[in-house]
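Report on the structure given below.
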Amino acid sequence: MTKTAPKERPKAKTPYKRYFETEKGIKTENDDGGLEYVKLKSKNRQNFTGDFIKMNDKAKKPRPQKAPAKPTQKELESKPKKNPIPEEILQKYSRGEQVQPKGVKTRHFKEKQTRKEVYLEYATEQAARTELLLQETAGQLEADDGETTAEYRQSQIAENVDLQSSAKHFNLNMEFGPYQMRYTKNGRHLLLGGRRGHVAAFDWVTKRLHCEFNAMESVEDVQWLHVPTMYAVAQKTWVYFYDKKGTELHCIKRLNRVNRLDFLPYHFLLAAGNNAGYASWLDVSIGELVGNFNTGLGDIRLMRHNPRNGVLCIGGGRGVVSMWSPKVREPLAKLLCHSTAMTALTVDPKGQHLVTAGLDRAVKVWDIRMLVQDKPLTHFQLRLAANELDVSQRGMLALSQGTYLETYSDLLSGGGSGDGTRLPYLRQRCDAFVHGLRFCPYEDVLGVATAKGFQSLLVPGSGEPNFDALEDNPYETSKQRREHEVHALLEKIPPELITLDPLEITGVDAPTLQEKIDAKRKLFHVKAPRINMKSRHKMKGRGGTAKAARNKQIVKDAKRKEFIAEVREAKKTVINQHTTKEAAKGKDKAPRSVLDRFKPKPPKKQKT
Amino acid sequence: MKVKMISRNPDNYVRETKLQQHKMPRNYDPALHPLEGPREYVRALNATKLDRVFAKPFVCNLSGHRDGVSCFGKHPKQLSCLATGAYDGEVRIWDLANRASSRNFVAHDGFVRGITYTQDGGRIFTVGDDKTIKVWKAEAPEVGEDEVPVNTILSKFGLHGISHNRKENKFATCGEVCAIWDEKHNDPLKTLKWGVDTLHTISYNPVETSILACCASDRSIILYDQREAQPLRKVVLTMKSNKLAWNPMEAFNFTVANEDCNLYTFDTRKLQTPLKVHFDHVSAVTDVDYSPTGKEFISGSYDKTIRLYNAHHSHSRDIYHTKRMQHVVCVAWSLDNRYVFSGSDEMNVRMWKANASEKLGVIRPRERVNFNYQEALKQKYAAHPQIKRIARHRQVPRHVLNAQKKMRTVKEKEQVKEANVRKHSKKGKVPFVSEKKKHVLKEEV
């Protein structure tokens, strides 16, 4: 046997370089055999009293060359980067535009800001580069020539996919219907609740049943809590908590006659809407109601939370969607969506769109980040009113009309069958009336709860293929689950932070125009403050109560006068600010004269 | 029909044996991480709270002196070595790693006024009230040998402080005059005087090494150059300065600890107004020392507390105190920037962490990453009122709190009075004087 020299590790071609270093950083280094250029001070500045001996043989060293000027914007653009990232991927990871240092005060903070932007850009780029490491690709369904995807039946799809996926298509026939259903946040477990008391929780992927029991009471709604070991069931009068085994953990008597349940995982809030119009938020980590008030909307039947900001969207009977936060007793926003009563509403998982359906047989998609618009983004007209809606992680819309069910591959354009018409992507006729409709997170599966049981349908391309294990992990072990629970509890967001704009907390607290106007307006209605004066205690004989009272009155009067003068001054400045321009305009006009009538008349305004 | 569905192979997501790490696939898509802002804010809030929970700055107490501690000498090369002098003339050398006194000897009759090491750390110079300068070896004598000074210099003048030149074999003492000495001679090379009785403290500039600064009993700060025959400049404050420390990184700046509860940072090029006035102490400030980074300094005060300041901020970033610590006489910042020392009247030397909530001991890489992340979070959200309140709050002793209240009322009263005087006098007669300019009387060249 001959020994071969061990392979050397390949050396990096270029020296390691920091991201924001330019070329000049490397070039300016002195490499003249270790000799360094020393600058001599002038004679009188040196700490040296002898004489200088001039050396002629030493040639004057050239000055170190100036670093090349910074590349201009044009050069930067023309020079291609080594591994460019596509613009749309960068856009996906971008947190908005750069902050321009133009208005920033002082050079120090300006430079700080520009340096910060470099780091942020680097972070965005690095995040975008991780796209390479994603393991899975999204599902898809393509029709052959002359066919449309809408023609395909579930059985056909199940035949053509792999065994593991075809096992995800199944039906459950149960007789305690109409059913309600929920998936856990990681899409692994399923909870079913039948109106006539049947509650079942199971791992739907392995089809392993956790528990099944009859509550011996009507069940209105079911909801998983923050871990797949606990869930809440809204029963006839109260809300009950059960664990995975079906043991009753709590009976929440403060939540009574609840119709709809929802859970905000980052706030640990169980939201409930009851049939008297009360909206309640229960903090499940401390067991306290953080908000409980009457919305004045009557029986709450339509309720979803916006995952982007945690605001609760409640659909009223008059076609109005109102948005609620637990700490504000008025709705944060109201949106008139339909002229008739509403039948269903949902918010997409990214929290960008609100989808509503009404008795006017319309389905409308609204942008809920921009609430000022008066038109929906899209408007579909159906033959029958949609009674259930849901949007998947990749933006697929599913809607049901009685027993008939349709999915559209694109939320905004509708359609998706692949032939350019507005035929649905997939359609299905169920054997009973549909009462619940949810896409399973991180899977290409649509769960349908009907009056007679549950159906799991295959909808290729609906789910997000790559999960983030630190956020939701379908494969988590019990130890990981416990650790995740602890971390989530440490990061529990207080309910006060539920606002329409979730990034408000990171912004600068600058007054809006409305607040400025209000502050100015308030100036005209201020009252003089009460003055509490304590007169100094004086020795006996140095002034009685009458004198003290008189002194007090004098001080009070002086203070009030001062206050009035200040307010008057402030008002004057405000008035001056707003009248100077108009006043100046008025002054420009020449005094009227009798001869004005001979001047040509100004042209009349055209009626538009 | 072409169809594909998400179908994950569990092998890619579940570990095979217990010896392996769990597989944690990540996806940084912002859509999968909602509520970024509020979650980060909560994390920052938690980090700030934890910072206060773990703020336990006291490391240890070094006891052994039999009288109050008067001065410190830092070893320029060894981190675990500290020399301290006491009121009874005793000098102790401490082994800080073992928290024990490694050597002690009586150096002077009466107070030890100053201790300094030579720049190579081989000798120790001490000055005392007995008008002598003594030179000692830095190593402990052999077993059986007595502690004998290598050299004893009798000075003609009283001595109050000593400072060693950073680069040359020269040192300077102060007392009635400022004297420059060579290590090898028993007579001063030069004496410098500017018509004052006593110079309390002397300090060589660490960068421009021939510049010296002294604090004098006529409330002035005097700058000398050891090459010149005359002093350079002088600035007079309203009250006496007790100690002076040069900023080691921005060596044109120095800070003085003043009798009027404040510290003043001066730029040598512009002595008329201090760069910064550092408030917060409630009694005379006795000593000041810079951190080796030049970004922070520590001050000890007669109000029984030590405070840590950011060199460019006017209010302290932290306050250290214990029930038993009496008037602090001397303070020092260790040369690795991690610890501070305080010597006080009740004979103890105390060692504190420079960063109150820092974890001592080995820190694992993941822990280090977490600490860095928490630090960044705290900085990012520092301006939020809730976080600011928690980060700023300090429990102070009752007497300090009362004194603060009293000082506040006095200041308010003066402001009201000045405003009233201004109101009732001719316009421009009572000018507005900034807090910085109030405390400097004059500058002389």
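The values are calculated or read from the model by the stated rules, or taken from the named source; none is laboratory data. This structure is a prediction, so every number in the text was calculated from the model and none was measured. FYI the Cβ positions are ideal-geometry reconstructions off the backbone, even for glycines, and counts take in every protein chain you see.
Close Cβ contacts (under 9 Å, 6 or more residues apart or on different chains) running from residues in segment A:156-176 that are over 24 Å from B:Pro10 (Cβ atoms) to residues that are surrounded by fewer than 18 Cβ atoms within 10 Å (Cβ to Cβ) comprise A:Gln156/B:Met1; A:Asn171/A:Asp431; A:Asn173/A:Asp431; A:Glu175/A:Arg196; A:Phe176/A:Arg195; A:Phe176/A:Arg196; A:Phe176/A:Gly197; A:Phe176/A:Asn214. The condition (being in contact with a helix residue (DSSP H, G or I) (Cβ under 7 Å, 6 or more places away or on another chain) and basic (Lys, Arg)) is satisfied by just one residue among A:Arg482, A:Arg427, A:Arg422: A:Arg427. The single condition among (1) in a loop (DSSP other than H, G, I, E, B); (2) surrounded by fewer than 19 Cβ atoms within 10 Å (Cβ to Cβ); (3) not β-branched (Val, Ile, Thr) that B:Ala356 does not meet is (2). B:Cys261 passes every criterion in (1) touching a His at 6+ places or on another chain (Cβ under 7 Å); (2) part of a strand (DSSP E or B); (3) of a type outside the set (Gly, Ala, Ser) apart from (2).
In this entry, A:Glu175 passes the filter for residues that are within 24 Å of A:Val448 (Cβ to Cβ) and surrounded by fewer than 20 Cβ atoms within 10 Å (Cβ to Cβ).
Of the residues examined, A:Gln100 is one that is out of contact with any His (no Cβ under 6 Å at 6 or more places or on another chain), away from chain B (no Cβ under 14 Å) and either under 30 Å from A:Ser166 (Cβ atoms) or polar (S, T, N, Q) (or both). B:Val369 falls short of the stated requirement of being exposed (fewer than 12 other Cβ atoms within 10 Å of the Cβ), more than 25 Å from the chain's Cα centre (by Cα) and either modelled with pLDDT under 95 or of a type in the set (S, T, N, Q) (or both). Screening B:Tyr381 against (1) out of contact with any helix residue (DSSP H, G or I) (no Cβ under 6 Å at 6 or more places or on another chain); (2) crowded, with 19+ Cβ neighbours inside 10 Å leaves a single unmet condition, (1). In the set B:Glu296, B:Glu228, which member is modelled with pLDDT of 95 or more and among the acidic types (Asp, Glu)? Step by step, each of B:Glu296, B:Glu228 is checked, and only B:Glu296 is modelled with pLDDT of 95 or more and among the acidic types (Asp, Glu).
Listed here are the residues, each with its yes/no results for (1) closer than 29 Å to A:Pro460 by Cβ; (2) within 8 Å of chain B (Cβ to nearest Cβ); (3) out of contact with any strand residue (DSSP E or B) (no Cβ under 9 Å at 6 or more places or on another chain).
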{"site": "A:Thr114", "(1), (2), (3)": "no, no, yes"}
{"site": "A:Gln126", "(1), (2), (3)": "no, no, yes"}
{"site": "A:Leu132", "(1), (2), (3)": "yes, no, yes"}
{"site": "A:Gly139", "(1), (2), (3)": "yes, yes, no"}
{"site": "A:Ala143", "(1), (2), (3)": "yes, yes, no"}
{"site": "A:Ile157", "(1), (2), (3)": "yes, yes, no"}
{"site": "A:Phe170", "(1), (2), (3)": "yes, no, no"}
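I'd like the residue in segment B:319-338 that is hydrophobic (A, V, I, L, M, F, W, C) and assigned to a strand (DSSP E or B) and, out of all such residues, is nearest to B:Phe279 (Cα to Cα). Among them, the one singled out is B:Ile319. Those strands (runs of 3 or more DSSP E) of segment B:5-88 in which at least 1 residues are within 44 Å of the chain's Cα centre (by Cα), polar (S, T, N, Q) and surrounded by fewer than 19 Cβ atoms within 10 Å (Cβ to Cβ), considering only elements entirely within it, cover B:58-63. Within segment A:525-538, is even one residue closer than 30 Å to B:Tyr41 by Cβ, surrounded by fewer than 10 Cβ atoms within 10 Å (Cβ to Cβ) and not aromatic (Phe, Trp, Tyr)? No: segment A:525-538 contains no residue that is closer than 30 Å to B:Tyr41 by Cβ, surrounded by fewer than 10 Cβ atoms within 10 Å (Cβ to Cβ) and not aromatic (Phe, Trp, Tyr).
Only one entry of B:Phe297, B:Phe341 meets the criterion of being in a strand (DSSP E or B) and over 19 Å from B:Asn262 (Cβ atoms), and that entry is B:Phe341. Residue check: A:Glu388 meets all listed conditions (1) buried (at least 19 other Cβ atoms within 10 Å of the Cβ); (2) in contact (Cβ under 8 Å) with a residue 60 or more places away in the chain but one, namely (2). May I ask you to list the residues in segment A:145-155 that are on the phi < 0 side of the Ramachandran plot and more than 7 Å from chain B (Cβ to nearest Cβ)? Result: A:Asp145, A:Glu147, A:Thr148, A:Thr149, A:Ala150, A:Glu151, A:Arg153, A:Gln154, A:Ser155. For segment B:144-171, residues that are on the phi > 0 side of the Ramachandran plot and basic (Lys, Arg) total 0.
Of the listed requirements (1) assigned to a strand (DSSP E or B); (2) touching a Pro at 6+ places or on another chain (Cβ under 8 Å), B:Leu244 misses just one: (2). Within segment B:142-160, the set of residues being farther than 28 Å from B:Lys190 by Cα and either outside any loop (DSSP other than H, G, I, E, B) or among the charged types (D, E, K, R) (or both) comprises B:Glu142, B:Glu145, B:Asp146, B:Glu147. Scanning segment A:350-385 for residues that are under 15 Å from A:Asp410 (Cβ atoms), assigned to a loop (DSSP other than H, G, I, E, B) and within 14 Å of chain B (Cβ to nearest Cβ) turns up A:Lys350, A:Gln352. Summed over segment A:475-487, the residues that are within 17 Å of B:Pro25 (Cβ to Cβ) and more than 8 Å from chain B (Cβ to nearest Cβ) give a count of 4. For segment B:12-42, the set of residues classified as more than 7 Å from chain A (Cβ to nearest Cβ) and touching a residue at least 40 places away in the same chain (Cβ under 8 Å) consists of B:Glu40 only. Does segment A:493-502 contain at least one residue that is farther than 19 Å from A:Leu270 by Cα, within 7 Å of chain B (Cβ to nearest Cβ) and not in a helix (DSSP H, G or I)? No.
Applying the criterion of being surrounded by fewer than 22 Cβ atoms within 10 Å (Cβ to Cβ) and closer than 27 Å to A:Asn160 by Cα to the residues of segment A:448-460, the residue that is farthest from the other protein chains (Cβ to nearest Cβ) is A:Gly453.
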